[in-house]
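The numbers here are math on the coordinates, done by the rules we state, and not lab data. Please read these numbers as outputs of a predicted model, since none were measured by experiment. Cβ coordinates were reconstructed from backbone atoms using ideal geometry, including for glycine residues, and neighbour counts include every protein chain displayed.
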Amino acid sequence: MTEGTPEGVCPVLPSHGRVRPVAQVSITGGFWATRQAVNATATLAHCESWMERLGWLANFDRVADGTTAPDRPGWPFSDSEVYKLLEALAWETGRTGDPEAEVAIKRLTARVTRAQDPDGYLNTCFGHGEQRPRYSDLEGGHELYNLGHLLQAAVARLRTAGEDDLVRVARRAADHVCRTFGADGLPKICGHPEIEVGLAEFGRALGEERYVEQARLFLDRRGHGTLRDIPLGRAYFQDDLPIREAEVWRGHAVRALYLTAAAVDVAVERGDDELLRAVERQWERSVARRTYITGGMGSRHQDEGFGEDWELPPDRAYCETCAGVASIMVSWRLYLATADVRYTDLIERTLYNIIATSPSPDGRAFFYANPLHQRAPGRPADGTEVSPRAEGGSRAAWFDVSCCPTNVARTLASLGGYLATADGDGLQIHQYAPCAINTELPDGRRVAVDVETGYPETGTIRVRIAADEPSPWTLALRVPAWAAGATLITDGWARPVEPGMVEVRRAFRAGDVITLELPMAPRVTWPDPRIDAVRGCVAVERGPEVLCVESRDLPHAGGLDALAIDPLSGPRADAGGVRVRGRLPGHPDRPWPYPSATDSVDDTEWFDVPLRPYHSWAHRGPSSMRIWLPASLPPEGEQRA
Ligand SMILES: [Zn+2]
């Protein structure tokens, strides 16, 4: 930590690693700037007004005023939504200096501060009046989970503004946690991991090693049956196996991923290579066998959890938006530790196909679950209702369990912090957006570049050097794994480049331009046959975007059930968008859909099927939708388009 010097928009700042995140990135236009602006002007106020309306904010006032009752509005974790909103607001003030966000932080902080007990305990659901006693339900009570989000909000405040009341409240809460659950305290953990990742980062931000140590203690206590068994089993909250022994992510996806993010933090801070390797192993198998093409994680609704290997049904996909946020948290930490490009590749996939999918264009409605196949159109959105369920095919203004909107808000507000890194030799750019980057290398040299691009609409990325530097440094650009055939252009000379990091090293002069050309033709993707739920289907991707078909773009309602496409003639892109050749075979309706032999289906005309980015599905109103499309190979000898 640098005393008195806010670092900027930087959610993760390890004390060491292969590379350091660059906080001085300003996204100046394009795909993500639009979403950041909507987040700032609509989503932040939307979240606060819902929490006010539902009494989640007044819960803090009731504790402060001594007027609590045995029950209160909201789930036990509703306090965390206030903290996630505070985190989003803090990143927003760091990003733009928005005075309204600053006022909102002060307004919310004042209410939170009043509710804190003298010993640092802070919770609106337990421990006051006739409420249940403190820490009497560690499996389901979420008390430590809530505090983890408070600490992350305080990190955002520290790094963008410096120490203030919010940070002081968080310090008292963190000290209370260390006193209560330290080596000599209660040998317990929280059912929902989050306190660990909050403590680790808060410790780094303040230079307080004992907070990181408390995170380690919680991590190592987990996995020994420390929590009570529950009907879903202890794997639900990752208390079935010590994290060092686990081979794959299992149980509730958000819990598994928040825990893993903390494990990377602890591994890095303590030089614990064994723990880091364990997490890398879990990432590898979980990404190879338990992750959707969208980057979505979690294929079971009953426990919001990971399925077995290859259990990736498209229609029953859960893919909670929060699991996407948490997956990015894990991969970013792993990238900073290892500089392995596979992590930033997965971040891009998750950003475009989960994070961008959740919010509506107006920033006032959200997807919670992100299935890859919606069989029945959702109900038209009602902006005045609280959705009681996570799924449904329409973005909802708010949810009974409303973890996702504030999670999207804090991610979008801090997105600039995930675009670039630096090391002793230069600058690495991982995610492409029009932006200005101006940072200092560890040896004090200043590096400034402007990125100009229409990505992901176009694949041309121009990096213009904005400042002379007489000694050579290296500019590295990520070539995504999907971008076979990419080209790098320097001084008018083009050369093919492979997926991975491509480097240009020289004494750059202001005005030098390096251009990366990524191939943006749509491409057909086949699933591993072991993902049997989509065997025989293909998906179409374009750049970082997964595409889908919506029923409203087909000739008749219900067509999506029968649609089959020709994967061999290949998708085409023109001014009207991406199209693929498909047909709607007629299938006879029967009283029993399991005949003894397959019928020959009616041969029908081929036609052009429009595809759209999955992140934009249901923007035009309720629709059924699918990403994985059955492949229909035309009969031998038939003329191809
Ligand atoms: Zn969520």
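Summary of values
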{"quantity": "Estimated distance in nm for a label pair at D599 and R281, the labels positioned 7 Å out from Cα along Cα-to-Cβ", "calculated": "5.3"}
{"quantity": "Label-reachable residues, the range 341-364, where backbone N falls under 13 Å from a point 7 Å from A481's Cα toward its Cβ", "calculated": "341-350"}
{"quantity": "Peptides ranked, highest mean first, by Cβ atoms within 10 Å: ranges 82-89, 369-376, 352-359, 482-489", "calculated": "82-89, 352-359, 369-376, 482-489"}
{"quantity": "Two-site label geometry, D184 and R53: point separation in nm, points 7 Å out along Cα→Cβ", "calculated": "5.0"}
{"quantity": "Contour minus Cα-Cα distance for R552 and D443 (0.36 nm per residue)", "calculated": "33.6 nm"}
{"quantity": "Relative contact order [Cα under 8 Å, 6+ residues apart], the range 205-351, whole percent", "calculated": "20"}
{"quantity": "Cα Rg, Dmax, the range 37-160, angstrom units", "calculated": "14.5, 44"}
{"quantity": "Rg [Å, one decimal], Dmax [Å, integer] - the range 292-363, C-alpha atoms", "calculated": "12.8, 38"}
{"quantity": "Residues F607 and R210, FRET efficiency given R0 of 51 Å [Cβ-Cβ distance, rounded to 0.05]", "calculated": "0.20"}
{"quantity": "P(r), alpha carbons of the range 368-448 - 10 Å bins starting at zero, rounded %", "calculated": "15, 29, 20, 18, 14, 4"}
{"quantity": "Cβ-Cβ FRET estimate between R221 and D175, R0 fixed at 22 Å, reported to 0.05", "calculated": "0.70"}
{"quantity": "Residues with amide H under 5 Å from that of A486, placed H, sequence gap 5 or more", "calculated": "V497"}
{"quantity": "Percent of Cα-Cα distances greater than 14 Å, calculated over the range 553-605", "calculated": "64"}
{"quantity": "Among 274-284, 493-503, the order from most to least packed when residues are scored by Cβ within 10 Å on average", "calculated": "274-284, 493-503"}
{"quantity": "37 °C / 0.692 mPa s Stokes-Einstein diffusion coefficient of the chain, Kirkwood radius on C-alpha pairs, µm²/s", "calculated": "128"}
{"quantity": "Projected area averaged over orientations for the range 274-396, convex hull of C-alpha atoms, nm²", "calculated": "8.2"}
{"quantity": "Note, ³J(HN,Hα) from phi for the range 14-28, Karplus 6.51, -1.76, 1.60, rounded to Hz, x at Gly and Pro", "calculated": "x, 6, 7, x, 5, 9, 10, x, 9, 8, 8, 10, 10, 7, 9"}
{"quantity": "3J(HN,Hα) from dihedral phi, the range 268-283, Karplus parametrisation 6.51/-1.76/1.60, rounded to Hz, x for glycine, proline", "calculated": "5, 5, 9, x, 8, 5, 4, 5, 4, 5, 4, 5, 4, 4, 5, 4"}
{"quantity": "Highest average packing first - 616-629, 195-208, 403-416, 227-240, Cβ atoms within 10 Å", "calculated": "403-416, 195-208, 616-629, 227-240"}
{"quantity": "Estimated inter-spin distance, A573 and D229, nm [label 7 Å along Cα→Cβ]", "calculated": "5.4"}
{"quantity": "Computed FRET value (nearest 0.05) for R506 with D137, which takes r as the C-beta separation and R₀ as 45 Å", "calculated": "0.15"}
{"quantity": "Antiparallel DSSP beta bridges within the range 336-440, percent to nearest 5", "calculated": "75"}
{"quantity": "Residue-wise HN-Hα coupling along the range 148-155, computed from phi with Karplus coefficients 6.51, -1.76, 1.60 (Hz; x: Gly, Pro)", "calculated": "x, 5, 4, 5, 5, 4, 5, 4"}
{"quantity": "Long-range amide H partners of L563 with built H, under 5 Å", "calculated": "none"}
{"quantity": "Positive minus negative residues near R509 (Lys, Arg vs Asp, Glu; Cβ under 13 Å)", "calculated": "-2"}
{"quantity": "The range 87-147 - Rg (one decimal) and Dmax (whole number), Cα, Å", "calculated": "15.0, 44"}
